[in-house]
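So the structure is just underneath, and the comments pick up after that.
The values are calculated or read from the model by the stated rules, or taken from the named source; none is laboratory data. As the structure is a prediction and not an experimental result, all values here were calculated from the model. Here the Cβ positions follow ideal geometry from the backbone for every residue, glycine too, while neighbour counts run over all protein chains shown.
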Amino acid sequence: MQDPLKQKDLTLRLMHIVGEEGMLLNPADQEIYVNDWLGKAHGRTVAVVRPSNTTEVSAVMRLCHQSHTPVVPQGGNTGMSGGATPDMSGAQVVLSLNRMKRIHDVDPINNTLTAEAGVILADIQQAARKVGRYFPLSLGAEGSCTIGGNLATNAGGTGVLRYGNTRDLTLGLEVVLPDGRVWNGLRALRKDNTGYDLKDLFIGSEGSLGIITGVVLKLFAAPAGRVTAWVGAKTLTNVVNLLGRVQAHCGARLSAFEMMSAPSLALVTQHLPGYVSPLDQTFPYYALIELADTNSLGLQDMLQAVLFAAIEDALIDDCVVAMSEAQSISMWKLREGISLAQVKAGKAVKHDIALPISSLARFATEADQSVHENFPGLPIINFGHIGDGNLHYNVLLPLDVEYEEYAQKTDVLNKSIHDLVTQYNGSISAEHGVGTLRRDELRRYKSTVEMDLMIAIKRALDPNQLMNPGKLL
């Protein structure tokens with residue numbers, strides 16, 4: 001595709017499919033599509049193609065299949081692993097779904113919502129609220145990420161403990177295959193035992209098997225009340241034990257259980273003006289706990305009772321329960337501000353890992369010891385969705401560190417942390433996906449059988465290797 005005449009012919013034919021409004025050929029206009037928001041992944045493209053419906057996506061894919069043009073699907077371009085950025089060859093087409101923003105149906109009786117893949121996550125949430133329902137997927141980028149991107153990476157977020165990952169929130173999909181054929185699996189059914197569950201092939205596949213263009217999502221009864229608490233504890237073991245106690249006492253009302261280490265909180269309060277800890281004293285670990293229910297009666301008393309008992313048993317050392325919506329929001333801002341604070345403070349070597357909850361404390365102790373021995377003085381920013389075993393175990397390097405040193409330390413830290421994760425039967429990617437960031441590590445941490453099966457599926461659906469090449473596999 002480097003032949004200028006072939007490129008011109010391709011762009012003209014693409015323009016014929018999507019129209020001038022659906023094509024971006026000027027490098028300045030393409031800038032936000034060929035660079036990721038973290039500033040780590042950069043590329044070039046033949047064209048940014050923005051279809052307005054599934055028919056146009058299908059026609060684009062048929063053309064790219066016939067011309068052997070590789071395609072990089074893209075949603076809101078908010079990923080953390082470089083999975084939606086083209087390479088530097090300039091031979092790949094970026095196919096953006098950001099014009100496909102229609103919500104087709106919201107069914108409060110069936111508790112489902114049917115939408116195109118380019119709908120912003122926050123708009124999905126709002127559409128559910130308008131009919132008295134609740135869509136629980138929530139993450140920091142919800143104002144700009146798309147539901148198609150959430151599906152492609154099987155996004156997690158803060159509601160996994162109660163509601164599950166995006167995979168668990170999905171009933172049906174519409175997918176355009178690499179050759180342009182359309183699989184319409186937009187069935188709003190909770191039971192459909194008619195063969196392989198094809199939708200699960202595409203959820204979490206990072207655009208490597210096809211392009212998700214539509215989705216049927218599960219909705220839930222809207223919570224009538226919430227109560228939020230902030231807890232300080234001496235050890236991560238105590239925080240994990242508190243999780244078990246709150247689950248036993250509060251059951252399904254427990255909707256979130258987040259953890260922050262002291263360095264994580266300090267990073268936020270130091271680098272983000274106006275962010276203040278709810279507790280006067282400093283503790284090694286903190287937990288952010290939230291209960292939610294369709295009946296608000298007794299929620300606050302329930303949470304206070306279990307926390308006060310935990311203090312009496314020396315499981316935790318202090319706590320505060322939010323007495324207003326504003327106090328609850330300020331607590332959540334501390335947790336959600338960590339990523340921005342890291343950007344301001346330094347260059348983080350990030351690890352998005354999943355472990356059995358019973359192994360979290362032992363893992364953290366061993367990982368901390370390894371980092372302190374091999375990289376003395378580097379801050380460890382450990383936080384995450386402890387209720388589902390997902391840690392963001394990051395190590396912070398100075399802002400002015402040279403690229404060569406940063407790359408060298410990243411390689412050493414990744415191997416050390418991920419080897420330890422594997423010893424505990426964990427995963428090196430919990431919710432951010434593989435992309436290019438973890439691609440080359442997969443063979444080290446997945447069995448030969450797993451890799452063979454994944455490659456066989458890829459070859460069956462995308463024999464010409466045109467879908468998001470260089471990502472995941």
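Quick one: count up the residues across region 74-89 that are aliphatic (A, V, I, L, M) and buried (at least 24 other Cβ atoms within 10 Å of the Cβ). Spell out how you get there, then give the answer.
So the first thing to find is which residues in region 74-89 are aliphatic (A, V, I, L, M), and the list is 80, 84, 88.
From what is left, the residues that are buried (at least 24 other Cβ atoms within 10 Å of the Cβ) are 84.
Final tally of qualifying residues: 1.
If you go through region 412-434 one residue at a time, how many are touching a residue at least 60 places away in the same chain (Cβ under 8 Å) and over 20 Å from P356 (Cβ atoms)?
Quick first cut of region 412-434, residues touching a residue at least 60 places away in the same chain (Cβ under 8 Å) only: 413-414, 417-418, 421, 424-434.
Subsequent filtering for residues that are over 20 Å from P356 (Cβ atoms) retains 413-414, 433-434.
Residues flagged as touching a residue at least 60 places away in the same chain (Cβ under 8 Å) and over 20 Å from P356 (Cβ atoms) within region 412-434 amount to 4.
Please determine, by comparing only the residues of region 393-406 that are farther than 20 Å from G140 by Cα and aromatic (F, W, Y), which one is farthest from the chain's Cα centre (by Cα). Walk me through how you get there before you give the answer.
The first filter runs over region 393-406 and keeps only residues farther than 20 Å from G140 by Cα, leaving 395-406.
Narrowing the set further to residues that are aromatic (F, W, Y) leaves 403, 406.
On the way: Y403: 26, Y406: 24 Å.
That would be Y403.
Only one of (1) more than 28 Å from N425 (Cβ to Cβ); (2) assigned to a helix (DSSP H, G or I) fails for R335. Which number is that?
Of the numbered conditions (1) more than 28 Å from N425 (Cβ to Cβ); (2) assigned to a helix (DSSP H, G or I), the odd one out for R335 is (1).
Among the numbered criteria (1) surrounded by fewer than 24 Cβ atoms within 10 Å (Cβ to Cβ); (2) at pLDDT 95 or above; (3) not in a loop (DSSP other than H, G, I, E, B), which single criterion is violated by K101?
(3) is the only condition that K101 fails.
Kindly evaluate T436 against the criterion of being under 23 Å from the mean Cα position of the chain (by Cα), in a loop (DSSP other than H, G, I, E, B) and surrounded by fewer than 23 Cβ atoms within 10 Å (Cβ to Cβ).
Values: under 23 Å from the mean Cα position of the chain (by Cα): yes; in a loop (DSSP other than H, G, I, E, B): yes; surrounded by fewer than 23 Cβ atoms within 10 Å (Cβ to Cβ): yes.
When the stated conditions are applied, T436 passes them.
Report, by residue number, each residue of region 428-473 that is of a type in the set (G, A, S) and either touching a Lys or Arg at 6+ places or on another chain (Cβ under 6 Å) or over 27 Å from W183 (Cα atoms) (or both). It would help to see each step written out before you state the result.
Residues of region 428-473 that are of a type in the set (G, A, S), as a first pass: 429-430, 433, 435, 447, 456, 460, 470.
Residues satisfying the conditions are S429, A430, G435, S447.
If you check A188, A141, which single one turns out to be touching a Gly at 6+ places or on another chain (Cβ under 8 Å), aliphatic (A, V, I, L, M), under 27 Å from I428 (Cα atoms) and not assigned by TED's automatic domain parsing to the domain that holds G251? Explain how you work it out, then say what you get.
On the way: A188 fails: under 27 Å from I428 (Cα atoms).
Only one candidate passes the filter, namely A141.
Say whether the condition of being surrounded by 24 or more Cβ atoms within 10 Å (Cβ to Cβ), of a type outside the set (S, T, Y) and touching a Pro at 6+ places or on another chain (Cβ under 8 Å) is met by at least one residue in region 123-133.
Scanning region 123-133 turns up no residue that is surrounded by 24 or more Cβ atoms within 10 Å (Cβ to Cβ), of a type outside the set (S, T, Y) and touching a Pro at 6+ places or on another chain (Cβ under 8 Å).
Of a type in the set (A, V, I, L, M), at pLDDT below 95, outside any loop (DSSP other than H, G, I, E, B) and in contact with a strand residue (DSSP E or B) (Cβ under 7 Å, 6 or more places away or on another chain): does that describe A348?
Numbers: of a type in the set (A, V, I, L, M): yes; at pLDDT below 95: yes; outside any loop (DSSP other than H, G, I, E, B): yes; in contact with a strand residue (DSSP E or B) (Cβ under 7 Å, 6 or more places away or on another chain): yes.
In short, yes.
For region 435-473, which positions are within 14 Å of G204 (Cβ to Cβ), out of contact with any strand residue (DSSP E or B) (no Cβ under 9 Å at 6 or more places or on another chain) and touching a residue at least 40 places away in the same chain (Cβ under 8 Å)?
G435, I457, L472, L473
Quick check, is V421 closer than 24 Å to S208 by Cα and either part of a helix (DSSP H, G or I) or not basic (K, R) (or both)?
Working: closer than 24 Å to S208 by Cα: no; either part of a helix (DSSP H, G or I) or not basic (K, R) (or both): yes.
No: the conditions fail for V421.
Quick one: V231 ticks every box in (1) surrounded by 16 or more Cβ atoms within 10 Å (Cβ to Cβ); (2) within 16 Å of I124 (Cβ to Cβ); (3) at pLDDT 95 or above except a single one, so which number is it?
(2)
Search region 177-209 for residues being touching a residue at least 12 places away in the same chain (Cβ under 8 Å) and at positive phi, and hand back the single one that is surrounded by the most Cβ atoms within 10 Å (Cβ to Cβ).
G207
Report every pair of residues separated by at least 6 positions or lying on different chains whose Cβ atoms are under 6 Å apart, first residue within region 233-244 and outside the structural domain of N390 (by TED's automatic domain parsing) and under 13 Å from L391 (Cβ atoms), second part of a helix (DSSP H, G or I) and aliphatic (A, V, I, L, M).
As it stands, the answer is L236/A361; L236/A364; V240/L360; V240/A361, since those pairs meet every condition given.
Kindly indicate whether any position in region 234-246 is at pLDDT 95 or above, in a strand (DSSP E or B), of a type in the set (A, V, I, L, M) and in contact with a helix residue (DSSP H, G or I) (Cβ under 7 Å, 6 or more places away or on another chain). If you could, list the steps in order and put the result at the bottom.
The initial filter retains those residues of region 234-246 that are at pLDDT 95 or above, namely 234-246.
Filter once more, keeping what is in a strand (DSSP E or B): none.
No, region 234-246 contains no residue that is at pLDDT 95 or above, in a strand (DSSP E or B), of a type in the set (A, V, I, L, M) and in contact with a helix residue (DSSP H, G or I) (Cβ under 7 Å, 6 or more places away or on another chain).
Yes or no, residue by residue, for (1) without any contact (Cβ under 8 Å) to a residue 12 or more places away in the chain; (2) more than 18 Å from the chain's Cα centre (by Cα); (3) surrounded by fewer than 23 Cβ atoms within 10 Å (Cβ to Cβ); (4) assigned to a loop (DSSP other than H, G, I, E, B):
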| residue | (1), (2), (3), (4) |
| --- | --- |
| V320 | no, yes, yes, no |
| Q342 | no, no, yes, no |
| L360 | no, yes, no, no |
| E366 | no, yes, yes, no |
| Q369 | yes, yes, yes, no |
| P376 | yes, yes, yes, yes |
| G384 | no, no, no, no |
| L391 | no, no, no, no |
| Q408 | yes, yes, yes, no |
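Could you tell me whether any residue of region 157-177 is assigned to a strand (DSSP E or B), within 19 Å of the chain's Cα centre (by Cα) and among the polar types (S, T, N, Q)?
So far as region 157-177 goes, yes, one or more of its residues are assigned to a strand (DSSP E or B), within 19 Å of the chain's Cα centre (by Cα) and among the polar types (S, T, N, Q).
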